[in-house]
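All remarks here apply to the structure that follows.
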Amino acid sequence: MTEHQLREQEFLIARYRHLEREVTDPLAVHLLHSIIEELEAELRKQRPDWHGAGH
């Protein structure tokens, strides 16, 4: 991934975290959490020192 793509990935993670806090439907929260975990795992593969803003 390029640096630009990595930054876009970080932006998506932040966006999904925000949505996760805002939604009230338990299924939506679970799905968003799963998406966030997958995106974070992919980002850590590319940038092992990345820990994310929420951690």
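The values are calculated or read from the model by the stated rules, or taken from the named source; none is laboratory data. Here the structure is a predicted model, which means the values were calculated and not measured. Quick reminder, even Gly has a Cβ in these numbers, built from the backbone with ideal geometry, and neighbours come from all protein chains shown. Areas reflect the complete protein model, heavy atoms only, side chains present, ligands, DNA and RNA absent. Shrake-Rupley method; radii C 1.70, N 1.55, O 1.52, S 1.80 Å.
Screening LEU12 on (1) in contact with a helix residue (DSSP H, G or I) (Cβ under 9 Å, 6 or more places away or on another chain); (2) open to solvent by 90 Å² or more (accessible area, probe 1.4 Å) shows it passes everything except condition (2). Restrict the check to the range 24-31 and report whether at least one residue is of a type in the set (Gly, Ala, Ser) and outside any helix (DSSP H, G or I). No, that holds for no residue.
Just one of the numbered conditions (1) modelled with pLDDT of 95 or more; (2) surrounded by 11 or more Cβ atoms within 10 Å (Cβ to Cβ) is not true of TRP50: (1).
Here LEU43 meets the list (1) open to solvent by 50 Å² or more (accessible area, probe 1.4 Å); (2) at pLDDT below 95; (3) assigned to a helix (DSSP H, G or I) almost entirely, failing just condition (1).
With respect to the stated conditions, GLU10 is in contact with a Gly (Cβ under 9 Å, 6 or more places away or on another chain) and in a helix (DSSP H, G or I).
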